[in-house]
Each structure stands twice: as C-alpha cells, then as structure tokens.
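J.: Next up is a structure, given as structure tokens.
The values are calculated or read from the model by the stated rules, or taken from the named source; none is laboratory data. This structure is a prediction, so every number in the text was calculated from the model and none was measured. Neighbour counts run over all protein chains shown; Cβ positions are idealised from the backbone, glycine included. Areas reflect the complete protein model, heavy atoms only, side chains present, ligands, DNA and RNA absent. Shrake-Rupley method; radii C 1.70, N 1.55, O 1.52, S 1.80 Å.
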Amino acid sequence: ILKLTNVKPGCGCTVVKYDSIIEPKKSTKIESEVNIKGYHSGPLSKYITVFTNADSEPTRLTIEVTIQAAIDASENYIRFETANPSSKTIYLSSKKTDLKVTNIFFNSDNYTNEQSKKATKLPVKFNFTPTDSTKDNGYKVFKLELLPPKYTTTLYGEFVISTNHPDRKELNIRGSLNK
C-alpha cells in the first residue's frame, strides 16, 4: 500500500485534495485549485510537493497555465503626489472591443483608530478612450487618464474602476494619494 504522507502546495494560493492511501494496482488523483485573483495575463507556474512512504525524497509536480485576464491593466500601482498634481495614464486591454469605464473612486484603507474602521471613498474624474492598438493576444487597448482626486492627507488604498465587462465589473488597483 502506498501512502501519501503529505501533499504540500508551494504557496497559499494553491489548494490540494487527495486520497492518502493507494491500494496496489490502483491510482489516484491529486486535485489542485489555484486562486489567480490579481494575476495579469501570461504564463504562471505553481508547484506541489508530494511526500510518500515509498521514497525518502519528495516528488515535485508542476502546474503550468496561461492566464487570460478579462481586463489587463498596464499598472499595478497608481500614486498621486500633491507636489506634482498631474494626471496619470494607464492602459486597459480586453477582448471586449466596446469596453467602457463607468465610474472610478479611490477607496482609502487608512483608519484613524481600531474603533472606527471607516474607509474614505473619493470620486476620481477620468477620460477613457479607445486606441488604434491591438495586442498580440487580440486584446483591444484603451487609454484611461485619471485626474487627481481632492484630498488633504496622505491616503493608501485602491482605485476601484467600474466597467461594463460582464466578467469583470470592477478592476481594483492599489495606490496612494501623497500629501
């Protein structure tokens, strides 16, 4: 009898399920699930290490996938400075050729104290226009210009971009407003 003594994912975004005992002349499946939230389009490799009672050295399994995000963003962090209050331009790309951005706000996760965990929600004005560009993966490219919101103190949080995409109603990008 073969015993899988431990099946260990390489990171916290991977979860595995498996039967720990395999009878002679039988097989088993090791099922894995990877949480890809926050990953951009492109190749991704994750690892699972399998320990058994039959071998002193573990076996390393590789999961290789190519992610196709519903919407890709050119930036994963947006920072505004009061010393340089210019707009910020990022590019969104998607297979949805009529992609629209309907609303943007900055959701601060600064808290004054533990009693009042109240987020600050600031509206962000923007200009959204399609470009003439298409990426190699067939994604249409759109230009998104963010205008600096009004703020009086340094804030950290995320920009929440609402879209008309049926699979990605919101796109969240970490950021800061620096006084």
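J.: Would you mind telling me which numbered condition in (1) open to solvent by 20 Å² or more (accessible area, probe 1.4 Å); (2) free of Cβ contacts under 8 Å to residues at least 60 places away in the same chain Phe142 fails?
T.: (1)
J.: So Ser86 passes all but one of these: (1) hydroxyl-bearing (Ser, Thr, Tyr); (2) more than 30 Å from Leu4 (Cα to Cα); (3) without any contact (Cβ under 8 Å) to a residue 40 or more places away in the chain; (4) part of a loop (DSSP other than H, G, I, E, B). Which condition number does it fail?
T.: (3)
J.: Okay, next question. Are any residues in the stretch 43-58 surrounded by 12 or more Cβ atoms within 10 Å (Cβ to Cβ) and assigned to a strand (DSSP E or B), and if so, which ones?
T.: Leu44, Lys46, Tyr47, Ile48, Thr49, Val50, Phe51, Thr52
J.: Turning to a different aspect of this structure: Please count how many residues of the stretch 26-42 are within 30 Å of Pro166 (Cβ to Cβ), open to solvent by 70 Å² or more (accessible area, probe 1.4 Å) and part of a loop (DSSP other than H, G, I, E, B).
T.: 5
J.: Tally up the residues in the stretch 75-97 that are surrounded by 12 or more Cβ atoms within 10 Å (Cβ to Cβ) and hydroxyl-bearing (Ser, Thr, Tyr), please.
T.: Of the residues in that region, 6 qualify.
J.: Still on this structure: If I ask for residues that are modelled with pLDDT under 95 and open to solvent by 40 Å² or more (accessible area, probe 1.4 Å), which ones from the stretch 155-165 would you list?
T.: Hits for the stretch 155-165 are Tyr156, Glu158.
J.: Please find, within the stretch 64-74, the residue that is nearest to Leu2 (Cα to Cα) out of those that are open to solvent by 40 Å² or more (accessible area, probe 1.4 Å) and touching a strand residue (DSSP E or B) at 6+ places or on another chain (Cβ under 7 Å).
T.: Per the criteria, the residue is Glu64.
J.: Take Lys100 and decide whether it is touching a residue at least 40 places away in the same chain (Cβ under 8 Å) and buried (at least 16 other Cβ atoms within 10 Å of the Cβ).
T.: It is false that Lys100 is touching a residue at least 40 places away in the same chain (Cβ under 8 Å) and buried (at least 16 other Cβ atoms within 10 Å of the Cβ).
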